[in-house]
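**Q** Here you go, one structure.
Nothing in this text is a laboratory measurement; each read-out follows from the coordinates by a stated rule. Keep in mind the model is a prediction, meaning the values are calculated, not measured. Cβ sites come from the backbone with ideal geometry, for glycine too, and all protein chains shown count toward neighbours.
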Amino acid sequence: MKLHFNVASCVRAMSKFSECTKCVDACPESIQITDNLPSFSKSTGVETAACLGACPTEAFSLSDFSVTEFFFTFIESKVRLISSKINVPCISVLSVEHLISLALACDKPITIDLNGYKEGSYLLEQIQTRIEEANFVLSSFCDKELSTNLDGSSRERVEKEDSPEKENSDVSSRRDFLSQASVKGVVKHKKTFDDAVEAEDLQVFKIDAFVIARMKDKNIPDKRKILFTTLKRADAPDIFEVLPEEEISFVSQKFIDESCTNCQICYRICPTGALSSNGKFSLINFDAMLCLKCHLCHDACEPDSIHLQSGFEVKEFFEATQRTLATFNIKRCNECGNNFTYTGGEQACPRCQTEEEEAMFLHDNAKLMKGDES
Ligand code: SF4
Ligand code: SF4
Ligand code: SF4
């Protein structure tokens with residue numbers, strides 16, 4: 001089972017200002033940044049699966065295993081155990097959004113089998129952090145919860161609960177599928193990146209015309225579509241909580257301060273269209289439920305005008321709204337006739353104003369030089 005990377009989905013490909021390192025942070029031994037893009041060994045496989053669950057834009061995928069397909073297969077089956085021994089190559093392929101969606105979509109409680117993961121390991125810590133976040137978000141609007149197990153009893157429980165024939169065939173077909181894909185060593189100690197790969201084995205990705213064409217499309221990752229769908233079926237709570245921004249890794253609410261110059265960068269590069277404008281570029285709209293908290297808009301905003309709201313309103317999960325974060329007075333330039341963001345004074349666009357200032361400067365210099373000569 002090999003790791004694949006879709007350059008066009010990576011926010012680093014969308015802007016050189018992106019500082020996203022979520023995949024590197026998830027798999028520091030296997031993924032590194034080369035020429036501003038993630039790179040990894042050609043032989044990199046499921047042992048680095050944590051990057052799948054960490055990447056906000058789903059830029060990574062595995063050959064022979066689709067997390068989206070797993071979601072649907074799992075909720076249709078009676079198995080309520082998620083285990084690297086039965087149905088996933090590694091629990092870390094699941095993002096917080098997947099975990100919340102799975103809990104919401106299933107009637108019976110889900111147990112996540114953590115047996116086999118080395119206690120205190122970085123991989124186990126990451127998985128536990130994601131489960132904790134999912135449970136924290138779930139607890140804000142329902143009583144569903146994911147449980148974990150480190151002693152093997154969950155396996156027993158699922159075998160007792162499920163009807164033997166169907167479950168055995170489900171589990172064995174998945175086992176067959178996964179054994180074909182040689183899912184081994186998921187929780188083994190990893191070698192360091194330098195030890196594990198020869199330098200020439202490194203896959204370095206480039207941004208070509210094909211990638212640029214695909215980047216122009218605004219895409220909502222499957223995991224977000226799944227979350228939308230499962231939230232639609234959930235009952236809204238009577239009172240909506242506000243969760244601390246720092247406790248939520250996958251979605252955000254924002255505000256824009258008055259330093260914004262309407263340079264158009266943030267809403268042009270936002271990968272999902274969470275930030276958008278109208279035909280005249282006279283406002284900036286924001287759909288929190290489309291935001292992946294990829295931080296690209298913050299990284300690319302030169303005056304640092306866009307900020308995270310300190311709390312995330314749970315109401316957004318149930319009554320998603322589009323908010324206008326900024327409005328601009330758009331006028332036609334008296335010099336060139338192009339529209340621009342008017343902030344007062346002369347009705348000339350910044351480009352014409354700069355040209356005029358340069359012309360004045362040259363004119364003054366010429367006069368001075370003439371004076372010197374005489
Ligand atoms: S968008 Fe995904 S692939 Fe790109 S740097 Fe961030 S985590 Fe890595
Ligand atoms: S928020 Fe920043 S990036 Fe977006 S339009 Fe304003 S100045 Fe440009
Ligand atoms: S609005 Fe959200 S999804 Fe769009 S660039 Fe900003 S952080 Fe990323």
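**Q** Counting only residues that are surrounded by 18 or more Cβ atoms within 10 Å (Cβ to Cβ) and more than 16 Å from Met289 (Cα to Cα), which one in region 250-263 is nearest to ligand 1 (Cβ to nearest atom)?
**A** Ranking the qualifying residues of region 250-263, first place goes to Ile256.
**Q** Can I ask one more? Hey, could you check region 226-244 for residues that are touching a residue at least 12 places away in the same chain (Cβ under 8 Å) and of a type in the set (Asp, Glu) and say which is surrounded by the fewest Cβ atoms within 10 Å (Cβ to Cβ)?
**A** Checking each candidate, the answer is Asp235.
**Q** Look through region 49-97, keep the residues that are within 16 Å of ligand 3 (Cβ to nearest atom) and in contact with a Phe, Trp or Tyr (Cβ under 8 Å, 6 or more places away or on another chain), and return whichever of them is nearest to Lys225 (Cα to Cα).
**A** Going through the qualifying residues, I end up with Glu97.
**Q** Pairs please, first residue from region 302-319 and within 15 Å of Ile265 (Cα to Cα), second anywhere and more than 15 Å from ligand 3 (Cβ to nearest atom) and among the small types (Gly, Ala, Ser), Cβ atoms under 6 Å, 6+ apart in sequence or on different chains.
**A** Every condition considered, the pairs that remain are Pro303/Ser259; Ser305/Ser259.
**Q** Right, here's the next one. Go through (1) touching a Cys at 6+ places or on another chain (Cβ under 9 Å); (2) loosely packed, with under 14 Cβ neighbours inside 10 Å for Glu247 and report which single condition fails.
**A** Against the list (1) touching a Cys at 6+ places or on another chain (Cβ under 9 Å); (2) loosely packed, with under 14 Cβ neighbours inside 10 Å, Glu247 comes up short only on (1).
**Q** Also, I was wondering about something else. When region 264-301 is examined, which residues are found to be free of Cβ contacts under 8 Å to residues at least 40 places away in the same chain and surrounded by fewer than 15 Cβ atoms within 10 Å (Cβ to Cβ)?
**A** Gln264, Asn278, Gly279
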